[in-house]
Amino acid sequence: MSIAELSERPARVLLIGSGYDARSTEKQIEADLGLAQDVLRSRLASNELWTLFAQGPDRPSVRVMDGPSDFDERALLGWLFGGDLLAGYRIIPPEIHVDLPAKRSTLEAALTADPEGRLPELIYFAGHGERRARIDQSFFTLSGGERMTVAELAALFDQAAGGPRLLVHSACYSGAFAEIIFRRGDASLGLSDSVRCGLFASSA
C-alpha cells in the first residue's frame, strides 16, 4: 500500500495505533486494532478500511513481553508490571494486517484524501496519550516520536469539513479530544461547521 492509493480509495473507517517507538508499542495495542478489524470487516468492503500501525507492515515494531522461565519473585513482578530491568521482551513484526505506518504524513493523507471531505466517518485510535496545561495541546502518540494534538486534529477536520465524524479514542487523557467539536479545538472559536462526536476512555 502507498499514500497515493489513499486518494484513489479514501477510507470510510481509519484505525490507528502506535507508541512513540517499538518499546512503547505494546502487543495489547495491536490486539485492540485486531479486534476492531474483526468487528468491522463484516460490515465494510475491503477497500473502505485502512489500518495505520506502528512502523508499518513487516517492520519489527511491536513489543512482546517474555514470561519468566523459572519462578522467581523479581522476574515475576517485573513481567507482571512491565519493568524493563526485571523482565525481557522481544520486538516483532505486526501480526495483524497493516496498510501503512502510523506516521503524521500517513494520518494527514488519510484524513484529507476524500476530495468532498466526507471520509473517514469513523476514526479509532489505540495507543498512548499525554495531557498538557492547555487542553488543545494534549496529544496522542505516533510512530517515531511524532504526535497529533487536539488542535492539529481539529484543524485537519476543519480543512475537510464535510460529513459527520466519530472519534473513538482509547488512550490516557483521551477526553481532551472531545474539544474537536470546536473550530481548531478551541471552545472560544465556537462549534465546528460539521458534526463531530466521540467516545473516550478517560477524562482530559
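Search the range 185-204 for residues that are closer than 13 Å to ILE135 by Cβ and pair each with any residue that is assigned to a loop (DSSP other than H, G, I, E, B) and open to solvent by less than 30 Å² (accessible area, probe 1.4 Å) when their beta-carbon atoms are under 8 Å apart and the residues are at least 6 apart or on different chains.
From the range 185-204, the pairs are ALA204/SER138.
In this structure, does ILE96 turn out to be among the β-branched types (Val, Ile, Thr) and either over 20 Å from LEU49 (Cβ atoms) or out of contact with any Gly (no Cβ under 6 Å at 6 or more places or on another chain) (or both)?
Details: among the β-branched types (Val, Ile, Thr): yes; either over 20 Å from LEU49 (Cβ atoms) or out of contact with any Gly (no Cβ under 6 Å at 6 or more places or on another chain) (or both): no.
No; evaluated as a whole, the condition is false for this residue.
Select from the range 159-188 the residues that are of a type in the set (S, T, N, Q) and either touching a Lys or Arg at 6+ places or on another chain (Cβ under 8 Å) or over 12 Å from ILE123 (Cα atoms) (or both) and write down the one among them that is surrounded by the fewest Cβ atoms within 10 Å (Cβ to Cβ).
Of the residues in the range 159-188, the ones of a type in the set (S, T, N, Q) are 159, 170, 174, 188.
Checking the rest, the ones that are also either touching a Lys or Arg at 6+ places or on another chain (Cβ under 8 Å) or over 12 Å from ILE123 (Cα atoms) (or both) come to 159, 174, 188.
Working: GLN159: 11, SER174: 24, SER188: 7.
Looking at residues that are of a type in the set (S, T, N, Q) and either touching a Lys or Arg at 6+ places or on another chain (Cβ under 8 Å) or over 12 Å from ILE123 (Cα atoms) (or both), I get SER188.
Considering each of LEU40, LEU44, LEU49, LEU33 in turn, give the residue that is in contact with a helix residue (DSSP H, G or I) (Cβ under 7 Å, 6 or more places away or on another chain) and in contact (Cβ under 8 Å) with a residue 24 or more places away in the chain. Working first, answer last.
Values: LEU40 fails: in contact with a helix residue (DSSP H, G or I) (Cβ under 7 Å, 6 or more places away or on another chain); LEU44 fails: in contact with a helix residue (DSSP H, G or I) (Cβ under 7 Å, 6 or more places away or on another chain); LEU33 fails: in contact with a helix residue (DSSP H, G or I) (Cβ under 7 Å, 6 or more places away or on another chain).
Going through LEU40, LEU44, LEU49, LEU33 in turn, the sole match is LEU49.
Tell me, which strands (runs of 3 or more DSSP E) lie completely within the range 1-114 with 2 or more residues that are farther than 24 Å from THR149 by Cα and modelled with pLDDT under 95?
62-65, 89-92
State whether the residues of the range 140-158 include one that is open to solvent by 60 Å² or more (accessible area, probe 1.4 Å), farther than 17 Å from LYS103 by Cα and more than 13 Å from the chain's Cα centre (by Cα).
No: zero hits.
For the range 189-203, what are the residues that are modelled with pLDDT of 90 or more and surrounded by 14 or more Cβ atoms within 10 Å (Cβ to Cβ)? Working first, answer last.
If we filter the range 189-203 for residues that are modelled with pLDDT of 90 or more, which is where we start, we get 189-192, 195-203.
Matches in the range 189-203: SER192, ARG196, GLY198, PHE200, ALA201, SER202.
The values are calculated or read from the model by the stated rules, or taken from the named source; none is laboratory data. Not measured: the values here are computed from a predicted model. All Cβ positions, glycine included, derive from the backbone under ideal geometry; neighbour counts span all protein chains shown. Areas reflect the complete protein model, heavy atoms only, side chains present, ligands, DNA and RNA absent. Shrake-Rupley method; radii C 1.70, N 1.55, O 1.52, S 1.80 Å.
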